[in-house]
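Here the structure is laid out as structure tokens; the discussion comes afterwards.
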Amino acid sequence: MRLTLSLAILLALPGVAAAEEQCKFSEPRSLDLQLTGVKSVLFEVASNDLHLDASPGGGGKLGGRACAARVELLKSLTVTQKRIGDKLVVSLNDDRRFSFGNSYSYLDLRGSVPNTMLVQFDVGSGDAQINGAAAVSADVGSGDMTIRHTKGRVTAKVGSGDVELEDLGALRVLAVGSGDLKAREVHGAAEVAKVQSGEIKLHGVAGNIKIGTIGSGDVDIRDVQGNVNVESVASGALNVRKVRGDLSVAHKGSGDIDVSEVSGSTRVPTDK
């Protein structure tokens, strides 16, 4: 009786009621990954949710549910796989071309992959997470991506979404648009090609940091064991704290540069 009453009270809370409403109808979904001879796996997440753990062994699988506002929408939600060379492409599909009003439908999946291969993500507006992979690449549109405990390098490209990284071997960022990328505990080097209007935080980097261009966005760097080299800061902001090596900024526009606690040499353009 106590459990029933507690559940009733819990479901009466606005947040819980909203969560239940977002999966009014559901069906199970599962897929055993065909990984024999595969060197990398690409997950096409789209607007769905996918959380993965990488573990020893050669197998992998996905399981979870399809959620929809109306029961007839469930049939449009599928999980498929296809082989392209030595890559396995796993697609989380919603076969509907358009959705209107309160007609949501999405996949909510959990799963496992081997911890010996490259795992790639193509995330639209969905939510993806992976723990313990050998190496990871992620192309994130407006969604969220969390990557933790990666032995090798993480490669990321961010549109307007959010990417959070923790405990990784090395980092390469191709571009950040208007989104955010946060990385901490980088055990090797970190390289960022360009930041547009978004924000990057790099905290705890064991190697060197190399940054190309900072447009109108913000870059915050702290606790670096190596050197920090920045090609240009346009109208954005660069904040640097606690660098054991050298700091150099080649070009500066109207932006702001704030530097403190650099053990090596500091070369920063002066304001004109």
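The values are calculated or read from the model by the stated rules, or taken from the named source; none is laboratory data. This is a predicted model, so every value here is computed, not measured. Every residue, glycine as well, gets a Cβ built from its backbone with ideal geometry; the counts of neighbours run over all protein chains shown.
Criterion applied to Glu44, Glu27 was being farther than 19 Å from Asp139 by Cα, among the charged types (D, E, K, R) and either part of a strand (DSSP E or B) or in contact (Cβ under 8 Å) with a residue 40 or more places away in the chain (or both), and the one residue passing it is Glu27. If you check Lys61 against the conditions, is it exposed (fewer than 15 other Cβ atoms within 10 Å of the Cβ), among the charged types (D, E, K, R) and either modelled with pLDDT of 95 or more or closer than 18 Å to Val123 by Cβ (or both)? Yes, satisfied.
Among residues of segment 182-205 that are in contact (Cβ under 8 Å) with a residue 12 or more places away in the chain and farther than 21 Å from Gly236 by Cβ, those with a Cβ under 6 angstrom from a residue that is among the basic types (Lys, Arg) and crowded, with 16+ Cβ neighbours inside 10 Å, sequence gap 6+ or separate chain, pair up as Gly204/Arg184. Quick check on my filter: what residues within segment 49-77 are more than 23 Å from the chain's Cα centre (by Cα) and either part of a helix (DSSP H, G or I) or under 15 Å from Asp32 (Cβ atoms) (or both)? Listed by number, the residues that qualify are Gly57, Gly58, Gly59, Val71, Glu72, Leu73, Leu74, Lys75, Ser76.
Look at Asp258 and say whether it is farther than 19 Å from Leu181 by Cα and assigned to a strand (DSSP E or B). For Asp258, the condition - farther than 19 Å from Leu181 by Cα and assigned to a strand (DSSP E or B) - is met.
In the set (1) in contact (Cβ under 8 Å) with a residue 40 or more places away in the chain; (2) in a loop (DSSP other than H, G, I, E, B); (3) of a type outside the set (S, T, N, Q), Arg96 fails one condition alone, (1).
Looking at segment 90-105, is at least one residue under 17 Å from the mean Cα position of the chain (by Cα) and of a type in the set (Lys, Arg)? Among the residues of segment 90-105, not one is under 17 Å from the mean Cα position of the chain (by Cα) and of a type in the set (Lys, Arg), which makes the answer no.
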